[in-house]
Amino acid sequence: MAHVCDPGRRSLLKTSLVAGGLSAGGFLSIDAFAQGKAKINMQLGWIPSVNQIGEVVAKRLGFYEQEGIDFAIQPGGPNIDGVAIVASGRYEVGQVSSSPSVMLAVSQGLPIKCFAVGAQKHPFTFFSLAKNPVKKPQDLVGKKVGIPSTAAILVRALLAKNKIAEKDVTIVTVGSDMAPLLTGQVDVVTGWLTSTTALKALGPGRVDLTLWDGGVQLYALPYYATHATLEKQPKVIEAFMRATSRGWHHVKANRDEAADLLVKEYPNLKREDERAAIDVMLEYALGGMAQTQGWGTMDPAVWQSQISMYSELGQFTAKTPKLEDVISLDPLKATAAARTKVA
């Protein structure tokens with residue numbers, strides 16, 4: 001699963017951009033695309049999982065190749081700053097776990113924009129047990145909440161949105177497993193609803209409070225690229241989106257096959273768990289607005305609400321970015337007909 005990872009090392013980014021050489025050398029060649037093949041490396045902020053099943057299926061079934069794209073997924077990890085890598089021009093497309101990562105990067109002057117989202121709602125969730133349930137944000141008062149350090153800004157946003165003083169909630173830094181909740185070290189743990197393997201440990205008595213239902217409506221799995229790539233290589237991005245959308249629709253119609261293809265691509269994954277996760281992930285990828293406007297769609301009003309909320313929380317230390325600096329709707333508009341077709 002993808003863990004929430006808002007940027008915490010932005011002081012290194014300017015240096016990374018210089019080292020990476022923000023020049024034409026890192027970008028796609030229009031001529032190369034016209035001649036039949038354009039390279040797209042998609043940089044992740046985590047180890048690949050069910051979150052990328054649409055891309056994996058599209059790759060394995062040749063959808064990218066049919067669009068003239070040589071596609072590869074570049075895994076991320078705790079020591080990899082994917083946003084800096086893409087912003088430097090080293091790779092062409094990136095995906096982060098949460099939309100605030102894009103907003104915060106833009107506010108620091110990085111030349112990137114989001115052009116699609118992989119999940120229509122953020123799966124980040126507060127998990128508790130039936131014997132001590134947290135069903136609404138106010139139930140967090142007086143509770144010990146276990147979170148990974150990178151999720152602190154999401155918790156702060158939920159508390160602020162619901163007018164809960166931070167001093168009234170005890171935050172405990174934990175890992176990604178559910179053990180602290182089961183052993184009573186904390187009353188609540190956080191994670192993604194798509195993380196079916198980890199959630200199995202909590203059993204059927206689990207109580208869920210999603211970030212979205214708590215009033216903090218963020219997008220998950222946003223795709224982004226540099227200004228230069230979006231402006232100079234629009235046809236390449238559009239081809240990428242058509243193939244990716246086709247992959248996600250194929251997953252929806254062929255879930256067992258998709259699970260097989262995923263574990264072939266990444267043998268470290270457990271098929272049974274990933275197959276269960278597919279059903280959950282599809283609700284996020286193809287639900288909501290995507291049902292009528294196609295995979296990848298996003299609402300500018302949701303983005304503006306996010307920007308305003310994070311500005312009110314004082315998270316933009318440099319400047320509050322404008323909506324048009326954070327997102328580009330052009331690729332979505334150009335591929336609207338292709339993305340709304342069910343493969």
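The values are calculated or read from the model by the stated rules, or taken from the named source; none is laboratory data. As the structure is a prediction and not an experimental result, all values here were calculated from the model. Backbone-built Cβ (ideal geometry, glycine too); neighbour counts: all protein chains shown. For the accessible areas, the whole protein counts, side chains as well, though only heavy atoms, and no ligand, DNA or RNA atoms are used. Shrake-Rupley method; radii C 1.70, N 1.55, O 1.52, S 1.80 Å.
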- Query: How many residues are in a loop (DSSP other than H, G, I, E, B), under 30 Å from residue 90 (Cα atoms) and within 18 Å of the chain's Cα centre (by Cα) when one looks only at region 200-246?
  - Reply: 2
- Reported set for region 32-45 where residues are in a loop (DSSP other than H, G, I, E, B), touching a helix residue (DSSP H, G or I) at 6+ places or on another chain (Cβ under 9 Å) and either modelled with pLDDT under 85 or open to solvent by less than 10 Å² (accessible area, probe 1.4 Å) (or both) is 37, 44
- Task: Taking residue 132 as the residue in question, decide whether it is farther than 27 Å from residue 202 by Cα and either assigned to a strand (DSSP E or B) or among the polar types (S, T, N, Q) (or both).
- Result: no
- Which residues, taken from region 140-199, are aliphatic (A, V, I, L, M) and part of a strand (DSSP E or B)? 145, 147, 171, 172, 188, 189
- Item | Number of the condition not met by residue 268 [criteria: (1) open to solvent by 30 Å² or more (accessible area, probe 1.4 Å); (2) in a helix (DSSP H, G or I); (3) among the polar types (S, T, N, Q)] | (2)
- Message: I'd like to check something: does region 291-310 contain any residue that is touching an Asp or Glu at 6+ places or on another chain (Cβ under 8 Å) and in contact (Cβ under 8 Å) with a residue 24 or more places away in the chain?
- Response: no
- Residue hits (region 277-307; assigned to a helix (DSSP H, G or I) and either basic (Lys, Arg) or open to solvent by 50 Å² or more (accessible area, probe 1.4 Å) (or both)) are 279, 283, 291, 292, 293, 301, 304, 305
- Task: Scan (1) of a type outside the set (Val, Ile, Thr); (2) open to solvent by less than 10 Å² (accessible area, probe 1.4 Å); (3) at pLDDT 95 or above for the single condition residue 208 breaks and write down its number.
- Result: (2)
